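Right, one structure below, let's go through it.
The values are calculated or read from the model by the stated rules, or taken from the named source; none is laboratory data. It should be emphasised that the depicted structure is a prediction, and the values quoted were computed from it without experimental measurement. Using ideal geometry, Cβ is built from the backbone for each residue, glycine included, and neighbour counts are taken over all protein chains shown.
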Amino acid sequence: MSKAKKPTKAPAKKAKVEKSIEDVVETKKELVQTPAGVIDQNQINRKLWQMCDTFRGTIDSGAYKNYILSFLFLKYLSDVWKDHYAKYSTELKGDKERINRRMERERFILPKNCSYDYLYEHRDDSNLGQLINDAMENIEEANKQKLDGVFGGIDFNSDQALGSTRDRNKRLKNLVEDFADSVLDFRPSRFGDEKHQEDVIGNAYIYLISQFASDAGKKGGEFYTPREVAILLAKLVGAKSGDRIYDPTCGSGSLLLRVANEIGGQDFSLWGQEVNGGTWALAKMNMFLHGIDNSKIERGDTINSPFFKEKDALTKFNVVVANPPFSLDKWGAEIAEADPYKRFTRGIPPKSKGDYAFILHMIESAYESTGRVGVIVPHGVLFRGGSEGKIRQALIEENLLETVVGLPPNLFFGTGITAAILVFNKGKKSRDVLFIDASREFEEGKNQSRLRDSDIEKIVTTAKSRKSAEKYAHLATFDEIKENEFNLNIPRYVDTFEEEEEINLEALETEIDAIESNLADLRKEMKKYLRELGL
(Lines give C-alpha, C1' and ligand atoms only; values in the text may rest on other atoms or scores of the structure.)
Protein backbone atom coordinates (compact mmCIF):
# COMPACT_ATOMS: atom_id res chain seq x y z
CA MET A 1 0.00 0.00 0.00
CA SER A 2 1.36 3.42 -0.88
CA LYS A 3 -0.09 6.44 0.84
CA ALA A 4 -0.67 9.82 -0.71
CA LYS A 5 1.92 12.41 0.15
CA LYS A 6 1.31 15.97 -0.82
CA PRO A 7 -0.72 16.28 -4.05
CA THR A 8 1.58 17.21 -6.93
CA LYS A 9 0.96 20.68 -8.35
CA ALA A 10 -0.20 21.00 -11.95
CA PRO A 11 2.86 21.39 -14.21
CA ALA A 12 3.55 24.77 -15.75
CA LYS A 13 2.21 25.15 -19.27
CA LYS A 14 5.59 25.96 -20.79
CA ALA A 15 7.15 22.89 -19.17
CA LYS A 16 4.50 20.69 -20.75
CA VAL A 17 5.34 21.98 -24.22
CA GLU A 18 8.98 21.03 -23.72
CA LYS A 19 8.08 17.51 -22.56
CA SER A 20 10.49 14.92 -23.96
CA ILE A 21 9.60 11.69 -25.74
CA GLU A 22 10.86 9.69 -22.76
CA ASP A 23 8.32 11.41 -20.50
CA VAL A 24 5.33 10.44 -22.61
CA VAL A 25 6.17 6.92 -23.76
CA GLU A 26 5.77 4.13 -21.25
CA THR A 27 9.04 2.39 -20.48
CA LYS A 28 7.68 -1.09 -20.93
CA LYS A 29 7.74 -2.51 -24.45
CA GLU A 30 4.22 -3.03 -25.76
CA LEU A 31 4.30 -5.58 -28.54
CA VAL A 32 1.19 -6.69 -30.40
CA GLN A 33 1.17 -10.15 -31.96
CA THR A 34 -0.67 -10.17 -35.29
CA PRO A 35 -0.97 -12.81 -38.02
CA ALA A 36 1.52 -10.76 -40.06
CA GLY A 37 4.11 -10.65 -37.26
CA VAL A 38 4.92 -8.56 -34.22
CA ILE A 39 3.95 -4.88 -34.22
CA ASP A 40 5.62 -2.48 -31.75
CA GLN A 41 2.77 -0.31 -30.47
CA ASN A 42 5.15 2.01 -28.63
CA GLN A 43 7.19 2.60 -31.78
CA ILE A 44 4.07 3.79 -33.60
CA ASN A 45 3.02 5.93 -30.62
CA ARG A 46 6.48 7.44 -30.31
CA LYS A 47 6.71 8.29 -34.00
CA LEU A 48 3.32 10.00 -33.96
CA TRP A 49 4.24 12.05 -30.91
CA GLN A 50 7.55 13.10 -32.49
CA MET A 51 5.62 14.41 -35.49
CA CYS A 52 3.97 16.99 -33.29
CA ASP A 53 7.27 18.91 -33.40
CA THR A 54 6.03 20.21 -36.75
CA PHE A 55 3.55 22.42 -34.87
CA ARG A 56 5.09 22.89 -31.41
CA GLY A 57 6.00 26.48 -30.82
CA THR A 58 3.68 27.61 -33.61
CA ILE A 59 0.27 26.91 -32.10
CA ASP A 60 -0.76 25.46 -28.74
CA SER A 61 -1.61 21.80 -28.27
CA GLY A 62 -5.32 22.55 -28.05
CA ALA A 63 -5.18 23.52 -31.73
CA TYR A 64 -2.45 21.38 -33.26
CA LYS A 65 -4.00 18.18 -31.94
CA ASN A 66 -6.75 18.68 -34.53
CA TYR A 67 -4.23 18.93 -37.37
CA ILE A 68 -2.30 15.82 -36.33
CA LEU A 69 -5.35 13.67 -35.59
CA SER A 70 -7.20 14.73 -38.73
CA PHE A 71 -4.23 13.96 -40.95
CA LEU A 72 -3.71 10.64 -39.16
CA PHE A 73 -7.31 9.79 -40.00
CA LEU A 74 -6.82 10.73 -43.66
CA LYS A 75 -3.69 8.56 -43.80
CA TYR A 76 -5.61 5.64 -42.27
CA LEU A 77 -8.41 5.93 -44.85
CA SER A 78 -5.88 6.15 -47.68
CA ASP A 79 -3.89 3.11 -46.58
CA VAL A 80 -6.99 0.97 -46.11
CA TRP A 81 -8.35 2.02 -49.51
CA LYS A 82 -5.03 1.33 -51.25
CA ASP A 83 -4.67 -2.04 -49.56
CA HIS A 84 -8.18 -3.16 -50.52
CA TYR A 85 -7.74 -1.95 -54.10
CA ALA A 86 -4.52 -3.99 -54.42
CA LYS A 87 -6.24 -7.03 -52.93
CA TYR A 88 -9.18 -6.85 -55.37
CA SER A 89 -6.83 -6.19 -58.30
CA THR A 90 -5.12 -9.50 -57.58
CA GLU A 91 -8.35 -11.40 -57.01
CA LEU A 92 -10.06 -9.98 -60.11
CA LYS A 93 -6.96 -10.09 -62.34
CA GLY A 94 -6.94 -6.33 -62.98
CA ASP A 95 -10.54 -6.07 -64.24
CA LYS A 96 -11.06 -2.36 -63.41
CA GLU A 97 -14.81 -2.37 -63.84
CA ARG A 98 -15.28 -5.22 -61.38
CA ILE A 99 -12.65 -3.76 -59.04
CA ASN A 100 -14.47 -0.41 -58.96
CA ARG A 101 -17.81 -2.12 -58.30
CA ARG A 102 -16.24 -3.95 -55.38
CA MET A 103 -14.70 -0.72 -54.03
CA GLU A 104 -18.10 0.99 -54.15
CA ARG A 105 -19.27 -1.50 -51.51
CA GLU A 106 -16.45 -0.63 -49.11
CA ARG A 107 -17.05 0.77 -45.63
CA PHE A 108 -16.21 4.22 -46.99
CA ILE A 109 -15.44 5.91 -50.32
CA LEU A 110 -12.16 7.67 -51.06
CA PRO A 111 -12.73 10.13 -53.93
CA LYS A 112 -10.13 10.90 -56.60
CA ASN A 113 -7.24 13.18 -55.53
CA CYS A 114 -8.08 12.68 -51.86
CA SER A 115 -5.52 10.04 -50.97
CA TYR A 116 -2.39 10.52 -48.92
CA ASP A 117 -0.32 9.39 -51.91
CA TYR A 118 -1.78 12.21 -54.02
CA LEU A 119 -0.92 14.77 -51.34
CA TYR A 120 2.58 13.33 -51.01
CA GLU A 121 3.12 13.71 -54.76
CA HIS A 122 2.01 17.36 -54.47
CA ARG A 123 3.87 18.16 -51.24
CA ASP A 124 5.93 20.86 -53.00
CA ASP A 125 2.89 22.64 -54.46
CA SER A 126 2.35 26.22 -53.28
CA ASN A 127 -1.31 25.44 -52.49
CA LEU A 128 -0.65 22.32 -50.38
CA GLY A 129 -2.89 23.56 -47.56
CA GLN A 130 -5.82 24.01 -49.92
CA LEU A 131 -5.23 20.56 -51.45
CA ILE A 132 -5.51 19.02 -47.99
CA ASN A 133 -8.65 21.06 -47.25
CA ASP A 134 -10.22 19.93 -50.54
CA ALA A 135 -9.37 16.28 -49.87
CA MET A 136 -10.99 16.35 -46.44
CA GLU A 137 -14.07 18.19 -47.67
CA ASN A 138 -14.54 15.71 -50.53
CA ILE A 139 -14.13 12.73 -48.20
CA GLU A 140 -16.88 14.10 -45.94
CA GLU A 141 -19.13 14.79 -48.93
CA ALA A 142 -18.69 11.26 -50.31
CA ASN A 143 -19.41 9.66 -46.91
CA LYS A 144 -22.15 11.89 -45.50
CA GLN A 145 -23.84 9.21 -43.43
CA LYS A 146 -20.71 8.12 -41.57
CA LEU A 147 -18.13 10.88 -41.89
CA ASP A 148 -20.01 14.14 -42.33
CA GLY A 149 -18.23 16.81 -40.27
CA VAL A 150 -15.57 14.37 -39.10
CA PHE A 151 -12.71 16.79 -39.88
CA GLY A 152 -14.40 19.49 -37.82
CA GLY A 153 -13.95 22.29 -40.35
CA ILE A 154 -10.23 22.44 -39.62
CA ASP A 155 -8.34 24.76 -42.01
CA PHE A 156 -4.94 23.59 -43.29
CA ASN A 157 -4.67 26.78 -45.34
CA SER A 158 -5.01 29.25 -42.48
CA ASP A 159 -2.55 32.17 -42.29
CA GLN A 160 -3.65 32.91 -38.73
CA ALA A 161 -3.07 29.37 -37.42
CA LEU A 162 -0.16 28.14 -39.56
CA GLY A 163 1.62 31.31 -40.63
CA SER A 164 2.49 32.85 -43.99
CA THR A 165 2.37 30.77 -47.17
CA ARG A 166 6.06 29.94 -47.07
CA ASP A 167 6.12 28.91 -43.41
CA ARG A 168 2.80 27.09 -43.71
CA ASN A 169 3.92 25.07 -46.72
CA LYS A 170 7.14 24.11 -44.97
CA ARG A 171 5.24 22.82 -41.93
CA LEU A 172 2.69 20.96 -44.01
CA LYS A 173 5.38 19.41 -46.21
CA ASN A 174 7.15 18.17 -43.06
CA LEU A 175 3.87 16.71 -41.83
CA VAL A 176 3.19 14.90 -45.13
CA GLU A 177 6.74 13.55 -45.31
CA ASP A 178 6.68 12.39 -41.68
CA PHE A 179 3.70 10.17 -42.46
CA ALA A 180 5.72 8.48 -45.22
CA ASP A 181 7.74 6.68 -42.54
CA SER A 182 7.36 2.90 -42.84
CA VAL A 183 6.40 2.74 -39.14
CA LEU A 184 3.22 4.62 -40.07
CA ASP A 185 2.17 2.22 -42.81
CA PHE A 186 -1.44 1.53 -41.80
CA ARG A 187 -2.34 -0.97 -44.53
CA PRO A 188 -4.34 -3.87 -43.03
CA SER A 189 -2.08 -6.42 -44.76
CA ARG A 190 0.80 -5.21 -42.61
CA PHE A 191 -1.20 -6.20 -39.52
CA GLY A 192 -2.57 -9.45 -40.91
CA ASP A 193 -6.24 -8.43 -40.79
CA GLU A 194 -8.59 -5.51 -40.21
CA LYS A 195 -9.23 -6.31 -36.53
CA HIS A 196 -5.58 -6.19 -35.53
CA GLN A 197 -5.09 -3.06 -37.59
CA GLU A 198 -8.04 -1.35 -35.86
CA ASP A 199 -6.71 -2.36 -32.44
CA VAL A 200 -3.23 -0.94 -33.04
CA ILE A 201 -4.27 2.24 -34.86
CA GLY A 202 -7.15 2.81 -32.43
CA ASN A 203 -4.72 2.45 -29.50
CA ALA A 204 -2.34 4.92 -31.15
CA TYR A 205 -5.16 7.40 -31.65
CA ILE A 206 -6.24 7.19 -27.99
CA TYR A 207 -2.58 7.44 -26.95
CA LEU A 208 -2.22 10.71 -28.87
CA ILE A 209 -5.45 12.09 -27.40
CA SER A 210 -4.19 11.28 -23.89
CA GLN A 211 -0.92 13.11 -24.54
CA PHE A 212 -2.70 16.14 -25.93
CA ALA A 213 -4.99 16.09 -22.88
CA SER A 214 -1.93 16.03 -20.62
CA ASP A 215 -0.45 19.00 -22.50
CA ALA A 216 -3.72 20.91 -22.29
CA GLY A 217 -3.78 20.77 -18.48
CA LYS A 218 -7.20 21.42 -16.97
CA LYS A 219 -8.79 21.76 -20.42
CA GLY A 220 -7.59 18.25 -21.24
CA GLY A 221 -10.29 16.87 -18.97
CA GLU A 222 -12.87 18.28 -21.36
CA PHE A 223 -12.08 15.71 -24.02
CA TYR A 224 -10.36 12.78 -22.29
CA THR A 225 -10.88 10.80 -19.08
CA PRO A 226 -7.61 9.31 -17.75
CA ARG A 227 -7.27 5.70 -18.92
CA GLU A 228 -7.24 4.04 -15.49
CA VAL A 229 -10.25 6.01 -14.24
CA ALA A 230 -12.17 5.12 -17.40
CA ILE A 231 -11.32 1.43 -17.00
CA LEU A 232 -12.46 1.51 -13.36
CA LEU A 233 -15.77 3.16 -14.23
CA ALA A 234 -16.32 0.69 -17.08
CA LYS A 235 -15.80 -2.26 -14.74
CA LEU A 236 -18.09 -0.81 -12.07
CA VAL A 237 -21.07 -0.39 -14.42
CA GLY A 238 -20.54 -3.85 -15.94
CA ALA A 239 -22.05 -3.46 -19.41
CA LYS A 240 -23.34 -6.69 -20.97
CA SER A 241 -23.72 -8.05 -24.47
CA GLY A 242 -26.62 -6.36 -26.24
CA ASP A 243 -26.51 -3.18 -24.11
CA ARG A 244 -27.19 0.32 -25.36
CA ILE A 245 -24.44 2.51 -23.81
CA TYR A 246 -24.72 6.29 -23.58
CA ASP A 247 -22.39 9.13 -22.56
CA PRO A 248 -24.09 12.57 -22.47
CA THR A 249 -20.73 14.41 -22.29
CA CYS A 250 -18.73 11.99 -24.41
CA GLY A 251 -15.67 14.13 -25.22
CA SER A 252 -13.44 12.18 -27.63
CA GLY A 253 -15.46 9.00 -27.03
CA SER A 254 -12.73 7.10 -25.20
CA LEU A 255 -14.87 6.39 -22.11
CA LEU A 256 -17.58 4.84 -24.30
CA LEU A 257 -14.95 2.64 -25.95
CA ARG A 258 -13.60 1.52 -22.55
CA VAL A 259 -17.10 0.46 -21.47
CA ALA A 260 -17.61 -1.43 -24.73
CA ASN A 261 -14.22 -3.09 -24.36
CA GLU A 262 -15.41 -4.77 -21.17
CA ILE A 263 -18.09 -6.54 -23.22
CA GLY A 264 -15.96 -7.83 -26.07
CA GLY A 265 -17.37 -8.64 -29.48
CA GLN A 266 -19.63 -6.19 -31.31
CA ASP A 267 -23.05 -6.84 -29.75
CA PHE A 268 -23.64 -3.37 -28.30
CA SER A 269 -24.39 0.15 -29.48
CA LEU A 270 -22.67 3.37 -28.43
CA TRP A 271 -24.43 6.72 -28.17
CA GLY A 272 -22.91 10.06 -27.23
CA GLN A 273 -23.44 13.80 -27.27
CA GLU A 274 -20.70 16.44 -27.13
CA VAL A 275 -21.08 20.22 -27.11
CA ASN A 276 -17.60 21.13 -28.45
CA GLY A 277 -17.43 20.82 -32.24
CA GLY A 278 -13.74 19.93 -32.46
CA THR A 279 -14.04 17.33 -29.70
CA TRP A 280 -17.18 15.89 -31.31
CA ALA A 281 -15.19 15.40 -34.53
CA LEU A 282 -12.48 13.53 -32.54
CA ALA A 283 -15.16 11.20 -31.15
CA LYS A 284 -16.47 10.44 -34.64
CA MET A 285 -12.96 9.60 -35.85
CA ASN A 286 -12.26 7.58 -32.71
CA MET A 287 -15.30 5.37 -33.29
CA PHE A 288 -14.47 4.83 -36.97
CA LEU A 289 -10.82 3.97 -36.26
CA HIS A 290 -11.98 1.34 -33.75
CA GLY A 291 -14.29 -0.24 -36.30
CA ILE A 292 -17.42 0.84 -34.41
CA ASP A 293 -20.11 1.48 -37.01
CA ASN A 294 -23.01 1.01 -34.59
CA SER A 295 -22.38 4.32 -32.84
CA LYS A 296 -24.34 7.58 -32.88
CA ILE A 297 -22.29 10.58 -31.81
CA GLU A 298 -24.18 13.87 -31.99
CA ARG A 299 -23.22 17.46 -31.31
CA GLY A 300 -25.05 19.74 -28.92
CA ASP A 301 -25.68 20.91 -25.34
CA THR A 302 -27.01 17.85 -23.54
CA ILE A 303 -28.81 19.69 -20.75
CA ASN A 304 -30.43 22.43 -22.83
CA SER A 305 -30.86 20.54 -26.11
CA PRO A 306 -30.71 16.77 -25.58
CA PHE A 307 -30.46 15.08 -28.96
CA PHE A 308 -31.60 11.59 -28.03
CA LYS A 309 -35.32 11.74 -27.32
CA GLU A 310 -38.50 9.95 -28.29
CA LYS A 311 -41.63 12.09 -28.40
CA ASP A 312 -41.82 13.82 -25.00
CA ALA A 313 -39.28 11.62 -23.20
CA LEU A 314 -35.54 11.03 -23.29
CA THR A 315 -34.26 7.92 -25.08
CA LYS A 316 -33.51 5.11 -22.61
CA PHE A 317 -30.29 3.14 -22.29
CA ASN A 318 -29.01 0.10 -20.38
CA VAL A 319 -25.82 1.84 -19.24
CA VAL A 320 -25.15 5.58 -18.87
CA VAL A 321 -21.63 6.81 -18.04
CA ALA A 322 -20.01 10.24 -17.96
CA ASN A 323 -17.21 12.42 -16.72
CA PRO A 324 -19.12 15.72 -16.86
CA PRO A 325 -17.43 19.11 -16.41
CA PHE A 326 -16.98 19.64 -12.67
CA SER A 327 -19.33 22.23 -11.13
CA LEU A 328 -20.25 23.83 -14.45
CA ASP A 329 -21.43 27.43 -14.14
CA LYS A 330 -24.43 28.71 -16.16
CA TRP A 331 -25.55 25.23 -17.13
CA GLY A 332 -29.17 26.27 -17.81
CA ALA A 333 -30.92 26.54 -14.45
CA GLU A 334 -33.28 29.15 -15.89
CA ILE A 335 -34.96 26.55 -18.13
CA ALA A 336 -34.99 23.70 -15.61
CA GLU A 337 -38.36 24.44 -14.00
CA ALA A 338 -40.12 24.12 -17.36
CA ASP A 339 -38.01 21.15 -18.49
CA PRO A 340 -40.21 19.07 -20.85
CA TYR A 341 -38.35 15.86 -19.93
CA LYS A 342 -39.13 16.14 -16.17
CA ARG A 343 -35.48 15.75 -15.17
CA PHE A 344 -35.67 18.21 -12.28
CA THR A 345 -38.69 17.04 -10.33
CA ARG A 346 -36.40 16.22 -7.38
CA GLY A 347 -35.09 19.79 -7.31
CA ILE A 348 -33.17 22.31 -9.41
CA PRO A 349 -29.40 22.38 -8.90
CA PRO A 350 -27.75 25.76 -8.18
CA LYS A 351 -27.10 27.78 -11.34
CA SER A 352 -23.36 27.95 -10.58
CA LYS A 353 -22.92 24.19 -10.10
CA GLY A 354 -24.28 21.84 -12.77
CA ASP A 355 -23.11 18.54 -11.27
CA TYR A 356 -26.58 17.33 -10.30
CA ALA A 357 -28.03 18.56 -13.59
CA PHE A 358 -25.91 15.97 -15.38
CA ILE A 359 -26.62 13.29 -12.76
CA LEU A 360 -30.39 13.82 -13.07
CA HIS A 361 -30.18 13.75 -16.86
CA MET A 362 -28.27 10.46 -16.72
CA ILE A 363 -30.73 8.84 -14.32
CA GLU A 364 -33.66 9.91 -16.47
CA SER A 365 -31.86 8.41 -19.51
CA ALA A 366 -31.50 4.96 -17.93
CA TYR A 367 -34.08 2.19 -18.37
CA GLU A 368 -36.50 1.83 -15.49
CA SER A 369 -35.90 -1.28 -13.34
CA THR A 370 -32.65 -2.26 -15.10
CA GLY A 371 -30.65 0.86 -16.02
CA ARG A 372 -27.19 1.42 -14.54
CA VAL A 373 -25.47 4.80 -14.21
CA GLY A 374 -21.83 5.59 -13.42
CA VAL A 375 -20.64 9.18 -13.06
CA ILE A 376 -17.41 10.92 -11.98
CA VAL A 377 -18.06 13.89 -9.67
CA PRO A 378 -16.17 16.35 -7.45
CA HIS A 379 -16.37 15.55 -3.73
CA GLY A 380 -18.69 18.49 -3.06
CA VAL A 381 -21.50 16.51 -4.67
CA LEU A 382 -21.37 14.16 -1.67
CA PHE A 383 -22.06 16.74 1.04
CA ARG A 384 -23.08 20.18 -0.26
CA GLY A 385 -26.40 21.40 1.17
CA GLY A 386 -29.23 23.50 -0.22
CA SER A 387 -30.96 22.22 -3.32
CA GLU A 388 -28.16 19.69 -3.89
CA GLY A 389 -28.80 18.21 -0.45
CA LYS A 390 -32.51 17.81 -1.26
CA ILE A 391 -31.76 16.13 -4.59
CA ARG A 392 -29.26 13.80 -2.93
CA GLN A 393 -31.79 12.84 -0.25
CA ALA A 394 -34.45 12.12 -2.88
CA LEU A 395 -32.11 9.86 -4.86
CA ILE A 396 -31.23 7.89 -1.74
CA GLU A 397 -34.83 7.63 -0.55
CA GLU A 398 -35.78 6.29 -4.00
CA ASN A 399 -33.10 3.62 -3.47
CA LEU A 400 -31.14 4.49 -6.61
CA LEU A 401 -27.63 5.00 -5.18
CA GLU A 402 -25.64 1.78 -4.98
CA THR A 403 -21.93 2.61 -4.53
CA VAL A 404 -19.71 5.59 -3.65
CA VAL A 405 -15.99 5.35 -4.46
CA GLY A 406 -13.56 7.99 -3.20
CA LEU A 407 -10.62 8.38 -5.61
CA PRO A 408 -7.01 9.48 -4.95
CA PRO A 409 -5.97 13.11 -5.51
CA ASN A 410 -4.29 14.38 -8.68
CA LEU A 411 -5.68 11.77 -11.07
CA PHE A 412 -7.12 14.31 -13.48
CA PHE A 413 -5.37 16.61 -15.93
CA GLY A 414 -4.29 20.00 -14.65
CA THR A 415 -5.98 19.77 -11.25
CA GLY A 416 -5.22 18.12 -7.92
CA ILE A 417 -8.91 18.04 -7.01
CA THR A 418 -10.15 14.78 -5.54
CA ALA A 419 -13.14 13.15 -7.14
CA ALA A 420 -15.53 10.29 -6.54
CA ILE A 421 -17.48 7.81 -8.62
CA LEU A 422 -21.20 7.37 -7.97
CA VAL A 423 -22.92 4.23 -9.24
CA PHE A 424 -26.72 4.24 -9.48
CA ASN A 425 -28.84 1.17 -10.16
CA LYS A 426 -32.50 1.51 -11.12
CA GLY A 427 -33.00 -2.18 -10.41
CA LYS A 428 -31.47 -2.10 -6.92
CA LYS A 429 -33.05 -4.45 -4.37
CA SER A 430 -31.35 -3.83 -0.98
CA ARG A 431 -31.44 -0.37 0.60
CA ASP A 432 -27.80 -0.23 1.69
CA VAL A 433 -25.04 1.82 0.05
CA LEU A 434 -21.43 0.68 -0.22
CA PHE A 435 -18.75 3.29 0.54
CA ILE A 436 -15.19 2.62 -0.65
CA ASP A 437 -12.27 4.84 0.36
CA ALA A 438 -9.69 4.20 -2.38
CA SER A 439 -8.00 7.57 -1.87
CA ARG A 440 -4.80 6.21 -0.31
CA GLU A 441 -3.86 3.49 -2.78
CA PHE A 442 -2.26 4.72 -6.00
CA GLU A 443 1.02 5.37 -7.75
CA GLU A 444 2.32 8.89 -7.41
CA GLY A 445 3.72 10.18 -10.70
CA LYS A 446 5.91 13.11 -11.64
CA ASN A 447 3.06 15.28 -12.88
CA GLN A 448 0.00 13.14 -12.25
CA SER A 449 -0.99 10.20 -10.08
CA ARG A 450 -2.51 7.03 -11.48
CA LEU A 451 -4.42 3.98 -10.32
CA ARG A 452 -2.48 0.74 -10.65
CA ASP A 453 -4.06 -2.45 -11.97
CA SER A 454 -4.05 -3.84 -8.43
CA ASP A 455 -5.86 -0.74 -7.13
CA ILE A 456 -8.56 -1.07 -9.79
CA GLU A 457 -8.96 -4.78 -9.10
CA LYS A 458 -9.35 -4.18 -5.35
CA ILE A 459 -12.02 -1.51 -5.87
CA VAL A 460 -13.98 -3.65 -8.32
CA THR A 461 -13.74 -6.81 -6.21
CA THR A 462 -14.92 -4.91 -3.13
CA ALA A 463 -17.80 -3.33 -5.06
CA LYS A 464 -18.96 -6.71 -6.33
CA SER A 465 -18.72 -8.39 -2.91
CA ARG A 466 -20.69 -5.55 -1.26
CA LYS A 467 -19.00 -6.27 2.05
CA SER A 468 -17.32 -3.98 4.56
CA ALA A 469 -13.52 -4.04 4.79
CA GLU A 470 -11.62 -2.49 7.69
CA LYS A 471 -10.34 1.02 6.92
CA TYR A 472 -11.32 0.59 3.25
CA ALA A 473 -15.05 -0.01 2.77
CA HIS A 474 -18.32 0.13 4.69
CA LEU A 475 -21.76 -1.15 3.74
CA ALA A 476 -24.03 1.51 5.23
CA THR A 477 -27.68 0.94 5.98
CA PHE A 478 -30.33 3.43 4.95
CA ASP A 479 -30.81 4.34 8.63
CA GLU A 480 -27.10 5.18 9.00
CA ILE A 481 -27.25 7.51 6.01
CA LYS A 482 -30.46 9.06 7.33
CA GLU A 483 -28.81 9.66 10.71
CA ASN A 484 -26.07 11.51 8.84
CA GLU A 485 -28.77 13.68 7.23
CA PHE A 486 -28.04 12.10 3.84
CA ASN A 487 -24.51 13.47 3.86
CA LEU A 488 -22.34 11.05 1.82
CA ASN A 489 -18.94 12.35 2.90
CA ILE A 490 -16.91 9.14 2.92
CA PRO A 491 -15.03 9.65 6.27
CA ARG A 492 -18.43 9.53 7.99
CA TYR A 493 -18.70 5.87 6.98
CA VAL A 494 -15.15 4.57 6.45
CA ASP A 495 -12.83 5.08 9.41
CA THR A 496 -9.28 5.31 8.06
CA PHE A 497 -7.73 6.68 11.26
CA GLU A 498 -4.40 5.01 12.01
CA GLU A 499 -3.42 4.68 15.68
CA GLU A 500 0.00 6.18 16.30
CA GLU A 501 2.52 3.79 17.77
CA GLU A 502 2.91 4.31 21.53
CA ILE A 503 6.23 5.90 22.40
CA ASN A 504 8.38 4.28 25.11
CA LEU A 505 9.70 7.42 26.81
CA GLU A 506 12.23 5.55 28.94
CA ALA A 507 13.77 3.81 25.92
CA LEU A 508 13.77 7.08 23.98
CA GLU A 509 15.61 8.87 26.80
CA THR A 510 18.23 6.10 26.88
CA GLU A 511 18.68 6.40 23.11
CA ILE A 512 19.09 10.19 23.32
CA ASP A 513 21.73 9.80 26.09
CA ALA A 514 23.67 7.36 23.90
CA ILE A 515 23.55 9.73 20.93
CA GLU A 516 24.75 12.67 23.04
CA SER A 517 27.61 10.56 24.44
CA ASN A 518 28.70 9.55 20.93
CA LEU A 519 28.47 13.17 19.81
CA ALA A 520 30.72 14.31 22.68
CA ASP A 521 33.31 11.70 21.72
CA LEU A 522 33.22 12.82 18.10
CA ARG A 523 33.75 16.46 19.11
CA LYS A 524 36.83 15.51 21.15
CA GLU A 525 38.25 13.57 18.21
CA MET A 526 37.54 16.47 15.84
CA LYS A 527 39.42 18.94 18.12
CA LYS A 528 42.38 16.55 18.21
CA TYR A 529 42.58 16.43 14.39
CA LEU A 530 42.27 20.22 14.15
CA ARG A 531 45.17 20.69 16.60
CA GLU A 532 47.33 18.29 14.59
CA LEU A 533 46.60 20.36 11.48
CA GLY A 534 47.47 23.55 13.33
CA LEU A 535 43.98 24.94 13.01
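The residue that is surrounded by the most Cβ atoms within 10 Å (Cβ to Cβ), among those in the range 288-320 that are of a type in the set (Gly, Ala, Ser) and without any contact (Cβ under 8 Å) to a residue 60 or more places away in the chain, is Ser295. Residue-level check: of (1) closer than 25 Å to Gln145 by Cβ; (2) without any contact (Cβ under 8 Å) to a residue 60 or more places away in the chain; (3) of a type in the set (Phe, Trp, Tyr), Tyr64 misses just (1). In the set (1) crowded, with 20+ Cβ neighbours inside 10 Å; (2) in contact with a Lys or Arg (Cβ under 8 Å, 6 or more places away or on another chain); (3) modelled with pLDDT of 95 or more, Ile139 fails one condition alone, (2). The selection criterion, being assigned to a helix (DSSP H, G or I) and either surrounded by fewer than 17 Cβ atoms within 10 Å (Cβ to Cβ) or in contact with a Leu (Cβ under 8 Å, 6 or more places away or on another chain) (or both), holds for Ala394. The set of residues in the range 469-510 being loosely packed, with under 10 Cβ neighbours inside 10 Å and either at pLDDT 85 or above or closer than 30 Å to Ala420 by Cα (or both) consists of Glu470, Phe497, Glu498, Glu499, Glu500.
For the range 189-293, the helices (runs of 4 or more DSSP H) that sit wholly inside it and include 1 or more residues that are at pLDDT below 90 and not assigned by TED's automatic domain parsing to the domain that holds Leu407 are 194-215. Every residue in the range 103-130 that is among the aliphatic types (A, V, I, L, M) and surrounded by 20 or more Cβ atoms within 10 Å (Cβ to Cβ), please. Leu110, Leu119, Leu128, listed by residue number. In the set (1) within 27 Å of the chain's Cα centre (by Cα); (2) farther than 22 Å from Leu395 by Cβ, the condition left unmet by Asn489 is number (2). When Ile515 is tested against the conditions (1) part of a helix (DSSP H, G or I); (2) touching a Ser or Thr at 6+ places or on another chain (Cβ under 9 Å), the lone failure is (2). Within the bounds of the range 243-261, is there any residue that is of a type in the set (D, E, K, R) and either buried (at least 24 other Cβ atoms within 10 Å of the Cβ) or in contact with a helix residue (DSSP H, G or I) (Cβ under 8 Å, 6 or more places away or on another chain) (or both)? Yes, that holds for at least one residue.
Listed by first and then second residue, the pairs with beta-carbon distance under 6 Å, at least 6 apart or on different chains, first residue in the range 373-394 and within 24 Å of Ala230 (Cα to Cα) and in the same structural domain as Val259 (by TED's automatic domain parsing), second assigned to a strand (DSSP E or B) and of a type in the set (Phe, Trp, Tyr), are Val373/Phe424.
Might you check whether a residue that is over 16 Å from Lys390 (Cα atoms), part of a loop (DSSP other than H, G, I, E, B) and in contact with a Leu (Cβ under 7 Å, 6 or more places away or on another chain) occurs anywhere in the range 345-356? Lay out the reasoning, then the answer.
Restricting attention to the range 345-356, the residues satisfying the condition of being over 16 Å from Lys390 (Cα atoms) are 352.
From what's left, part of a loop (DSSP other than H, G, I, E, B): 352.
Adding the requirement that they be in contact with a Leu (Cβ under 7 Å, 6 or more places away or on another chain) leaves none.
No, the range 345-356 has no match at all.
Yes or no, residue by residue, for (1) farther than 21 Å from Arg171 by Cβ; (2) hydrophobic (A, V, I, L, M, F, W, C); (3) more than 32 Å from the chain's Cα centre (by Cα):
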{"position": "Ser89", "(1), (2), (3)": "yes, no, yes"}
{"position": "Leu92", "(1), (2), (3)": "yes, yes, yes"}
{"position": "Asn100", "(1), (2), (3)": "yes, no, yes"}
{"position": "Asn113", "(1), (2), (3)": "yes, no, yes"}
{"position": "His122", "(1), (2), (3)": "no, no, yes"}
{"position": "Gln130", "(1), (2), (3)": "no, no, yes"}
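You will find that of Thr403, Thr370, Thr315, Thr345, the residue that is polar (S, T, N, Q) and within 22 Å of the chain's Cα centre (by Cα) is Thr403 and no other.
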